[in-house]
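The values are calculated or read from the model by the stated rules, or taken from the named source; none is laboratory data. Since the structure is predicted, the reported quantities are computational estimates derived from the model, not experimental observations. Counting neighbours? That spans all protein chains shown, and the Cβs are built from the backbone with ideal geometry, glycine included. Surface accessibility is based on the protein's heavy atoms, side chains included, excluding ligands, DNA and RNA. Shrake-Rupley method; radii C 1.70, N 1.55, O 1.52, S 1.80 Å.
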Amino acid sequence: MLLLQETLKRIRPLDTEVIAKARARSDQLAIPRNSLGRLQTMAQQIAGITGQINPPYERKVITTMAGDHGVVEEGVSAFPPEVTPQMVYNFVRGGAGINVLAGHVGAEVVVVDMGVAADLTDLRETSRIISKKVDYGTRNFTKGPAMNYDQAVASIEAGIEVVNDLAKTGLHLLGLGDMGIGNTTPSSAIAAALTGRKVEEVTGRGTGVNDETLKRKIEVIKRGLAVNQPDPRDPLDVLAKVGGFEIGGLAGAIIGAAALRIPVVIDGLIAGGGALIATELSSTVKKYIFAGHNSVEPGHKVMLERMGLRPLLDLDLRLGEGTGAALGISLLEASIKILNRVLTFEEAAVTEGNR
């Protein structure tokens, strides 16, 4: 708990003086004022996050956090739990969607085992995965809490540790994604618990389940919430009662990045669940987060609304892994380059018009 508390204390508001300087430069670029819209305001926000008018962007990392969920026993997913470790192996081999899109935007992929229900020792021995395993999957939250309170704290602190370690060798833009069969179920449960919205409003098809399975999924979430009664005033209690280890890890990574003044791009529903936990622990964290895209999962839209985040893209994505975060990172990098590489009217010797 000490690491979490100390990290939360280090989170500060954005640097308004640097934002003002970035806005002043942006207003003088040799283009019609604000003609690049959000690309210009994003750069100003990134300047305020980093405290630098020329923010670095060279090292971009997508952290994909993996974990399994006991609630899959209730038949809420179209895929069996064995797929989680299989996909983790695919990530480290470089054969997944996230590997392709991360490579496309020049980002590294760092895979973290937060709670995969399999022994991944062979990957750890080759340093191809970071092990922060809290346990071999969560428990079935229809029968009691998914994890205990200490495990919830441990998962968040593990996420903080991952970012702290990455930052030791330089970390400029962080993207966050997930892997875990069944994890749209705890994410939707978190959304319902923290926003007060009806379960039906925050629950989607996840891996593409049919109508019958979707109905079962909604009933399972309702049962889990009724059994556990998570306290919406305590995000750690919500995480412990109906969450997942990778969701806690994502929350911790966001908190750790904010404390280090590193911009974060989140993926869809599961990363959104981690972001929701993080922002409920510290409202200041919201200013450090960019929503990479608008997921087709209805709970994601509710989460973004709660956090006051506007998605950068709307491409009907629902894969996870960090794919939407990778695409979002490309826009953050573009925004920084616009701020610092487009010449001002004075630098370009262009006559400034009446804008």
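Quick look at the numbers
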{"read-out": "Within region 270-290, tally of residues that are under 21 Å from T41 (Cα atoms), open to solvent by less than 10 Å² (accessible area, probe 1.4 Å) and of a type in the set (V, I, T)", "value": "2"}
{"read-out": "Any chance E17 is at negative phi and free of Cβ contacts under 8 Å to residues at least 60 places away in the same chain", "value": "yes"}
{"read-out": "Some residue of region 316-337 being farther than 30 Å from R12 by Cβ and more than 15 Å from the chain's Cα centre (by Cα)", "value": "yes"}
{"read-out": "Residues being within 23 Å of the chain's Cα centre (by Cα) and either more than 22 Å from G115 (Cβ to Cβ) or part of a helix (DSSP H, G or I) (or both) - total across region 218-246", "value": "14"}
{"read-out": "Residues that are in contact with a Ser or Thr (Cβ under 8 Å, 6 or more places away or on another chain) and closer than 19 Å to A117 by Cβ, drawn from region 138-176", "value": "A146, M147"}
{"read-out": "Residue within region 65-74 that is outside any loop (DSSP other than H, G, I, E, B), in contact (Cβ under 8 Å) with a residue 40 or more places away in the chain, farther than 29 Å from V153 by Cβ and in contact with a strand residue (DSSP E or B) (Cβ under 8 Å, 6 or more places away or on another chain) present", "value": "no"}
{"read-out": "Inter-residue pairs, beta-carbon under 8 Å, first among the hydrophobic types (A, V, I, L, M, F, W, C) and in region 133-144, second in a loop (DSSP other than H, G, I, E, B), 6+ apart", "value": "V134/M147"}
{"read-out": "Residues of region 1-42 classified as more than 24 Å from the chain's Cα centre (by Cα), part of a helix (DSSP H, G or I) and of a type in the set (S, T, Y), total", "value": "2"}
{"read-out": "Members of region 62-85 that are over 15 Å from Y136 (Cα atoms) and not small (G, A, S)", "value": "I62, T63, T64, E74, V76, F79, P80"}
{"read-out": "Pick from region 163-179, criterion under 14 Å from the mean Cα position of the chain (by Cα) and either among the aliphatic types (A, V, I, L, M) or assigned to a loop (DSSP other than H, G, I, E, B) (or both), ranking: nearest to A253 (Cα to Cα)", "value": "V163"}
{"read-out": "Boolean, A154 is among the small types (G, A, S) and either under 24 Å from V83 (Cα atoms) or open to solvent by 10 Å² or more (accessible area, probe 1.4 Å) (or both)", "value": "yes"}
